[in-house]
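*Asks:* Pasting a structure here, questions to come.
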Amino acid sequence: MPDTYALYRRLAAYPQGRRVFSLVFEQAAPYFRSARPRFVELGPNRAVLTVKKRRRVQNHLGTVHVIAICNGLEAAMGALAEASIPSTRRWIPKGMAVDYTAKATSDITCVAETDPAEWERTGDVEIPVRVKGLRADGTAVVEGTIRLWVTDKPAR
Ligand SMILES: CC(C)(COP(=O)(O)OP(=O)(O)OC[C@H]1O[C@@H](n2cnc3c(N)ncnc32)[C@H](O)[C@@H]1OP(=O)(O)O)[C@@H](O)C(=O)NCCC(=O)NCCSC(=O)Cc1ccccc1
């Protein structure tokens, strides 16, 4: 994903810019398309997007399937990582642990956050990304952590 955050900043200046950015982001990792995440905010250490409660992301309960929400959380985490990581470093997700804390009965807002100091650590490090999926009434329906493996880019 070359210059993801630079692209976001450029596009966000236009009325439909975030929507266009979301479509471009999906191209980088096509599975994201199944949840159709729409970015509303992106910067270092924080990313926010929405996953709409469409029929194709619902489960047998008629709520948003937790895997669709996890897909949205992964998309938010990925964009956050791109906006936060120093140019000499690389990242890859190493694990995800989540709890299902309430029924996902509405569109879901996916939030990913990190502490700024985490990105200043050197060497091979694990950085925890806090993730949560919020219902329209503000209740968290999914909460957890995605662990990123962050290392120096190999010398070319
Ligand atoms: C790599 C590690 C996490 C740790 O293994 P260790 O041996 O302790 O680590 P070590 O640092 O020694 O590196 C060894 C080798 O590992 C590779 N490599 C390392 N870093 C990177 C990197 N940044 N990028 C690329 N490759 C990297 C590289 O070949 C390196 O060899 P090299 O040094 O180049 O010659 C291993 O457990 C693993 O592959 N797990 C599966 C992880 C996985 O598949 N996650 C994706 C699932 S998430 C998803 O699909 C959703 C999603 C999509 C898009 C966006 C958002 C979400």
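*Asks:* Where does the charge balance sit around residue 74 when Lys and Arg score +1, Asp and Glu -1, over other residues with C-beta under 14 Å from its C-beta?
*Replies:* Net local charge, residue 74 excluded: +4.
*Asks:* Of the residues 17, 72, 123, which exhibits the maximal mean-square fluctuation in a Gaussian network model of the chain defined by a 10 Å Cα contact cut-off?
*Replies:* Looking only at 17, 72, 123, the biggest GNM fluctuation is shown by 123.
*Asks:* Once the Cα atoms of helix 17-28 and of the chain are each reduced to a long axis, what angle between those two axes, in degrees from 0 to 90 to the nearest 10, is obtained?
*Replies:* Tilt relative to the chain: about 70 degrees.
*Asks:* Per residue, what volume in Å³ does the Cα convex hull of the stretch 4-152 take up?
*Replies:* 105
*Asks:* Using Cα atoms only, what is the angle between the long axis of helix 66-84 and the major principal axis of the chain, expressed in degrees (0 to 90) to the nearest 10?
*Replies:* That helix lies at roughly 30 degrees to the long axis.
*Asks:* Before anything else, pin down the relative contact order of the stretch 4-152: Cα pairs under 8 Å, at least 6 apart, normalised by residue count, whole percent.
*Replies:* Rounded, it is 23 percent for the stretch 4-152.
*Asks:* Let me ask another. Cross-link partners among aspartates and glutamates for residue 53, C-alpha distance below 15 Å, same-chain residues fewer than 8 apart left out?
*Replies:* Filter leaves 107, 137.
*Asks:* Given the options 50, 145, 101, state which has the largest fluctuation in a GNM of the chain using a 10 Å cut-off (strictly under) for Cα springs.
*Replies:* Among 50, 145, 101, the largest mean-square fluctuation in the Gaussian network model of the chain belongs to 101.
Every read-out reported here was derived from the displayed coordinates using simple, explicitly stated rules and does not represent laboratory data. The structure displayed is predicted, hence computed values, not measured ones. Ideal geometry is used to build each Cβ from the backbone, glycine not excepted, and the neighbour counts take in all protein chains shown.
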